[in-house]
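**Q** Sending over a structure as structure tokens; questions will come in a sec.
Read the figures in this text as sums done on the coordinates, not as results from a lab. What you see is a predicted model, and the numbers here were worked out from it, not measured in a lab. All Cβ positions, even for glycine, are placed from backbone atoms using ideal geometry, and neighbour counts span all protein chains on display.
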């Protein structure tokens, strides 16, 4: 499993801060390719990446998974649309309680005020399902 690197975090930040549809789409496609690689490596038979116990891989991916959950909650856009193992992994990480131990209580608000204000995601219009999503409503 490729651990997320600074390029993944930067790709996610750049995608979320995109001001227009074209820029968002170009950046999201690159980011989703990394998520597709992870999807292909997840077994789908365990709660977390390696087993039913949290590992360093899960902790390394936590920021990406958590931020994607905030985006979905506030904009309806799901970076993991069409990636059921990623969605399950994300939910298991969120359900573990690790997020609450890793971020401040006001993180959701601060994050939303920064990335979901004056951005394409904040507008919430014209959200087009990502490739491989079909007609699923998970993409907003």
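**Q** For a quick check: sort 8, 74 by the number of other beta carbons within 10 angstrom, fewest at the front. Mind dumping the intermediate values first?
**A** Working: 8 20, 74 16.
Taking fewest neighbouring Cβ atoms as first place, the list is 74, 8.
**Q** If you average 1/r over every pair of different alpha-carbon atoms in segment 37-122 and take one over that average, what Kirkwood value in Å do you get? If you can, show how the numbers build up before the last one.
**A** On the way: mean 1/r = 0.0737 Å⁻¹.
Here the Kirkwood hydrodynamic radius works out to 13.6 Å.
**Q** In degrees, nearest 10, range 0 to 90: what is the angle between the Cα axis of helix 6-16 and the longest Cα principal axis of the chain?
**A** Once rounded, one gets 40 degrees.
**Q** While we're here: Just to verify a number: FRET efficiency for residue 52 and residue 118, C-beta to C-beta distance, R0 = 30 Å, to 0.05? Intermediate results must be reported in sequence, preceding the final value.
**A** Details: r = 41 Å, r/R0 = 1.38.
Efficiency at R0 = 30 Å is approximately 0.15.
**Q** What is the order of 39, 105, 29, 123, fewest Cβ neighbours within 10 Å to most?
**A** Details: 39 19, 105 7, 29 12, 123 15.
So the ranking, lowest neighbour count to highest, is 105, 29, 123, 39.
**Q** What order do you get for 117, 46, 15 when you list them from fewest to most C-beta neighbours inside 10 Å? Before the final figure, lay out each step's value.
**A** Numbers: 117 9, 46 14, 15 25.
Taking fewest neighbouring Cβ atoms as first place, the list is 117, 46, 15.
**Q** Expressed as an acute angle from 0 to 90° and rounded to the nearest 10, what is the orientation of the C-alpha long axis of helix 84-95 relative to the principal long axis of the chain?
**A** Once rounded, one gets 80 degrees.
**Q** Express the relative contact order of the chain as a whole percentage, based on alpha carbon pairs under 8 Å and six or more residues apart in sequence. Let's see the in-between values first.
**A** Working: 152 pairs, mean separation 43.5, N = 140.
The normalised contact order for the chain reaches 31 percent.
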